[in-house]
Amino acid sequence: MQTRPLGNTGERVSALGFGCMGLVGWYGERDDAEAKATLLAAIDGGVTHLDTAASYQVGENERFVGAAIRGRRKDVFLATKCGLGWQGGQLVIDNKPESIVASCNASLERLGIDQIDLFYLHRIDRTVPVEDSVGALAGLVKAGKIRHAGLSECSAETLRKAHAVHPVAAVQMEYSVWWRGPEQAMLPICRELGVSLVAYSPLGRGFLAGNFRTLADLPQNDARRNQPRFLDENVQHNLAIADAVRELAERKSATPAQIALAWVLAQGEDILPIPGTKRRTRQAENMGALDVTLSAADLSDLNSRVAELTVRGDRYPPAMMQALDG
């Protein structure tokens, strides 16, 4: 497995990580046996960087991941997140220092471990100075409960303020061939400060991989049915982007998923994509992206086509869009 540095920490993690969010629910029905087999196959294949969160299935995801890796703890670099949840049907962001500490303790218990490798603020709480929140993360590092601190979906200004209090190892942002927002402000400041960018949804939630083409292809309980980019008024337009990825894949004798991942990997050694899946066949396919080389001409052609086509629809429903920091 190829490895890449984690910011300025001196650590190296697998070039391809593993996003655990969809292992137990979220994207259709659960299949716990296959999901566990998929996660273990990823580890056996050299994937070290695993990513979960307290909010995923209200803690159930952490319990599942913790149980699955029991006996394999030394083989993985485990990241989780705090500060995001739902109460009474309303999205709640809570980065108060005491809440961060309580969430860390709860995550440690659910995961069945005594130290988290990378602990993120899942979203930024605008009612709490980020300096106070990061101060709590620094305290957890000092206490030995976490090793490194991270932020997720923050603004460049927030990152700079946070990093002045305690080194930020990584910022997690959505990043893919059809969402390049981090390039505007986040990537430059990450590179200035020596912070890795962890790219979630590098496959466009499966759309760029060609896993579905309309909402009718998705189970009724699939969370993507609520995401604007996949609604009927947008998805037919956006199919042209998925087709552009597929056409390049055909020319490169690769799959669309491999092209989408190879594109992210090609953006720099400081980019750490964390594609997720709950099927071993998909995991093996994703790993094949490490063997795909995109030339400068390939990248330029795909970038130009996507820019010309444009993407329709927000990344999230309104409540989640409002939770983004800048």
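Each value in this text was obtained by applying a stated rule to the coordinates, not by laboratory testing. Bear in mind that the values here come from a model prediction, so they are computed numbers and not experimental data. Using ideal geometry, Cβ is built from the backbone for each residue, glycine included, and neighbour counts are taken over all protein chains shown.
If I filter segment 283-299 for residues that are free of Cβ contacts under 8 Å to residues at least 60 places away in the same chain, assigned to a helix (DSSP H, G or I) and among the polar types (S, T, N, Q), do I get at least one hit? Among the residues of segment 283-299, not one is free of Cβ contacts under 8 Å to residues at least 60 places away in the same chain, assigned to a helix (DSSP H, G or I) and among the polar types (S, T, N, Q), which makes the answer no.
Has segment 207-225 got at least one residue that is within 18 Å of Glu269 (Cα to Cα) and surrounded by 22 or more Cβ atoms within 10 Å (Cβ to Cβ)? Walk me through it before giving the result.
Filtering segment 207-225 for residues within 18 Å of Glu269 (Cα to Cα) gives none.
Within segment 207-225, none of the residues are within 18 Å of Glu269 (Cα to Cα) and surrounded by 22 or more Cβ atoms within 10 Å (Cβ to Cβ).
Between Val13, Val47, the distinction of being within 22 Å of Pro202 (Cα to Cα), surrounded by 22 or more Cβ atoms within 10 Å (Cβ to Cβ) and out of contact with any Lys or Arg (no Cβ under 7 Å at 6 or more places or on another chain) belongs to Val47 only.
Check whether at least one residue in segment 194-207 is free of Cβ contacts under 8 Å to residues at least 12 places away in the same chain and more than 23 Å from Asn234 (Cα to Cα), and report yes or no. First the steps, then the outcome.
Start the filter on segment 194-207 by keeping residues that are free of Cβ contacts under 8 Å to residues at least 12 places away in the same chain, which leaves none.
The answer is no, given that none of the residues of segment 194-207 is free of Cβ contacts under 8 Å to residues at least 12 places away in the same chain and more than 23 Å from Asn234 (Cα to Cα).
Whether any residue in segment 111-133 is crowded, with 16+ Cβ neighbours inside 10 Å, touching a Pro at 6+ places or on another chain (Cβ under 8 Å) and in a helix (DSSP H, G or I) is what I want to check. For segment 111-133, residues crowded, with 16+ Cβ neighbours inside 10 Å, touching a Pro at 6+ places or on another chain (Cβ under 8 Å) and in a helix (DSSP H, G or I): present. Only strands (runs of 3 or more DSSP E) whose full extent lies in segment 42-107 are considered here, and the ones with at least 1 residues that are farther than 21 Å from Met320 by Cβ, out of contact with any Phe, Trp or Tyr (no Cβ under 6 Å at 6 or more places or on another chain) and not aliphatic (A, V, I, L, M) are 77-82.
The residues of segment 51-85 that are in contact with a strand residue (DSSP E or B) (Cβ under 7 Å, 6 or more places away or on another chain) and either farther than 27 Å from Val128 by Cα or aliphatic (A, V, I, L, M) (or both), listed by number, are Ala53, Ala54, Val65, Val76, Phe77, Leu78, Ala79, Leu84. Cβ-Cβ below 8 Å, separation at least six or inter-chain, first residue in segment 121-144 and over 13 Å from Asp94 (Cα atoms), second surrounded by 23 or more Cβ atoms within 10 Å (Cβ to Cβ) and aromatic (Phe, Trp, Tyr): which pairs? Close Cβ pairs satisfying both conditions: Leu137/Phe119; Leu140/Phe119.
Residues in segment 25-51 that are touching a residue at least 40 places away in the same chain (Cβ under 8 Å) and touching an Asp or Glu at 6+ places or on another chain (Cβ under 6 Å) were compared, and the one that is nearest to Glu153 (Cα to Cα) is Tyr27.
Among the residues of segment 124-179, the ones that are under 17 Å from Lys96 (Cα atoms) and in contact with a Cys (Cβ under 6 Å, 6 or more places away or on another chain) come to 2 in all. I'd like to know if segment 219-227 contains one or more residues that are without any contact (Cβ under 8 Å) to a residue 24 or more places away in the chain, within 23 Å of Ser304 (Cα to Cα) and polar (S, T, N, Q). Checking segment 219-227: not a single residue is without any contact (Cβ under 8 Å) to a residue 24 or more places away in the chain, within 23 Å of Ser304 (Cα to Cα) and polar (S, T, N, Q).
Where residues in segment 226-264 are of a type in the set (A, V, I, L, M, F, W, C) and closer than 27 Å to Val24 by Cβ, which of them is surrounded by the most Cβ atoms within 10 Å (Cβ to Cβ)?
If we filter segment 226-264 for residues that are of a type in the set (A, V, I, L, M, F, W, C), which is where we start, we get 230-231, 235, 239-242, 244-245, 248-249, 254, 257, 259-264.
Retained after the next criterion (residues that are closer than 27 Å to Val24 by Cβ): 230-231, 235, 242, 257, 260-261, 264.
On the way: Phe230: 23, Leu231: 15, Val235: 21, Ala242: 23, Ala257: 25, Ala260: 32, Leu261: 30, Val264: 22.
Top of the filtered list is Ala260.
Please go through segment 4-13 and give me each residue that is assigned to a strand (DSSP E or B) and free of Cβ contacts under 8 Å to residues at least 40 places away in the same chain, ordered by number. Before the answer, list the steps.
From segment 4-13, those assigned to a strand (DSSP E or B) are 4-5, 12-13; that's our starting set.
Within segment 4-13, just Arg12 meets the criteria.
Is it the case that segment 306-322 has a residue that's assigned to a helix (DSSP H, G or I) and under 16 Å from Ala209 (Cβ atoms)? Yes, that holds for at least one residue.
Of all residues in segment 274-305, count the ones that are of a type in the set (Val, Ile, Thr) and surrounded by 19 or more Cβ atoms within 10 Å (Cβ to Cβ).
So the first thing to find is which residues in segment 274-305 are of a type in the set (Val, Ile, Thr), and the list is 274, 277, 281, 292-293.
Of the ones still in play, those that are also surrounded by 19 or more Cβ atoms within 10 Å (Cβ to Cβ) are 274, 277, 292.
Going through segment 274-305 one residue at a time, the tally reaches 3.
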